[in-house]
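The values are calculated or read from the model by the stated rules, or taken from the named source; none is laboratory data. Since this is a predicted model, take the numbers as computed values, not measurements. Here the Cβ positions follow ideal geometry from the backbone for every residue, glycine too, while neighbour counts run over all protein chains shown.
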Amino acid sequence: MLNETKSIFASKTIWGAGIALVGAGVNVMGYTVTPADQAQIVEAVAAMMTAGGSLLAVIGRVRATKAIG
(Lines give C-alpha, C1' and ligand atoms only; values in the text may rest on other atoms or scores of the structure.)
Protein backbone atom coordinates (compact mmCIF):
# COMPACT_ATOMS: atom_id res chain seq x y z
CA MET A 1 0.00 0.00 0.00
CA LEU A 2 0.97 3.65 0.15
CA ASN A 3 2.57 3.68 3.60
CA GLU A 4 5.94 5.04 2.54
CA THR A 5 6.60 8.54 1.27
CA LYS A 6 8.94 9.90 -1.38
CA SER A 7 9.86 13.24 -2.80
CA ILE A 8 7.45 14.75 -5.28
CA PHE A 9 10.36 14.86 -7.73
CA ALA A 10 10.78 11.07 -7.47
CA SER A 11 7.21 10.50 -8.64
CA LYS A 12 6.85 9.34 -12.23
CA THR A 13 3.18 10.34 -12.00
CA ILE A 14 4.12 13.96 -11.28
CA TRP A 15 6.74 13.97 -14.05
CA GLY A 16 4.27 12.40 -16.45
CA ALA A 17 1.59 14.96 -15.61
CA GLY A 18 4.05 17.82 -16.04
CA ILE A 19 5.25 16.52 -19.38
CA ALA A 20 1.64 15.99 -20.48
CA LEU A 21 0.96 19.66 -19.67
CA VAL A 22 4.02 20.71 -21.65
CA GLY A 23 2.85 18.44 -24.46
CA ALA A 24 -0.54 20.13 -24.45
CA GLY A 25 1.17 23.52 -24.57
CA VAL A 26 3.33 22.62 -27.55
CA ASN A 27 0.30 21.11 -29.30
CA VAL A 28 -1.36 24.51 -29.02
CA MET A 29 1.72 26.01 -30.70
CA GLY A 30 1.38 23.57 -33.62
CA TYR A 31 3.75 20.77 -32.61
CA THR A 32 2.69 17.17 -31.98
CA VAL A 33 3.75 15.20 -28.89
CA THR A 34 2.36 11.68 -28.81
CA PRO A 35 1.76 9.67 -25.65
CA ALA A 36 4.70 7.48 -26.70
CA ASP A 37 6.91 10.60 -26.88
CA GLN A 38 5.72 11.61 -23.41
CA ALA A 39 6.53 8.16 -22.00
CA GLN A 40 10.03 8.29 -23.49
CA ILE A 41 10.62 11.73 -22.00
CA VAL A 42 9.53 10.52 -18.54
CA GLU A 43 11.88 7.54 -18.78
CA ALA A 44 14.75 9.76 -19.96
CA VAL A 45 14.22 12.20 -17.07
CA ALA A 46 14.08 9.30 -14.59
CA ALA A 47 17.31 7.86 -16.00
CA MET A 48 19.06 11.25 -15.80
CA MET A 49 17.93 11.69 -12.20
CA THR A 50 19.21 8.21 -11.30
CA ALA A 51 22.56 8.89 -12.96
CA GLY A 52 22.82 12.30 -11.30
CA GLY A 53 22.01 10.88 -7.88
CA SER A 54 24.55 8.11 -8.32
CA LEU A 55 27.23 10.58 -9.37
CA LEU A 56 26.42 12.84 -6.42
CA ALA A 57 26.72 9.87 -4.03
CA VAL A 58 30.14 8.92 -5.41
CA ILE A 59 31.39 12.53 -5.28
CA GLY A 60 30.09 12.88 -1.74
CA ARG A 61 31.86 9.73 -0.60
CA VAL A 62 35.13 10.72 -2.27
CA ARG A 63 35.07 14.19 -0.70
CA ALA A 64 33.99 12.92 2.72
CA THR A 65 36.40 13.57 5.56
CA LYS A 66 34.91 11.10 8.04
CA ALA A 67 34.30 7.37 7.89
CA ILE A 68 30.79 5.95 7.92
CA GLY A 69 30.13 4.40 11.30
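Output the residues belonging to region 20-38 that are in contact with a helix residue (DSSP H, G or I) (Cβ under 7 Å, 6 or more places away or on another chain) and either polar (S, T, N, Q) or touching a residue at least 24 places away in the same chain (Cβ under 8 Å) (or both).
The initial filter retains those residues of region 20-38 that are in contact with a helix residue (DSSP H, G or I) (Cβ under 7 Å, 6 or more places away or on another chain), namely 20, 23, 33, 38.
Passing the criteria: only Q38.
Condition check: under 20 Å from the mean Cα position of the chain (by Cα) and either at pLDDT 85 or above or hydrophobic (A, V, I, L, M, F, W, C) (or both). Does G18 satisfy that? Working first, answer last.
On the way: under 20 Å from the mean Cα position of the chain (by Cα): yes; either at pLDDT 85 or above or hydrophobic (A, V, I, L, M, F, W, C) (or both): yes.
Taking the combined requirement at face value, the residue satisfies it.
Output the number of residues of region 1-42 satisfying the condition of being outside any loop (DSSP other than H, G, I, E, B) and among the charged types (D, E, K, R). Spell out the reasoning first.
First pass over region 1-42, keeping only residues outside any loop (DSSP other than H, G, I, E, B): 8-10, 12-28, 35-42.
From what's left, among the charged types (D, E, K, R): 12, 37.
Adding up the residues that qualify gives 2.
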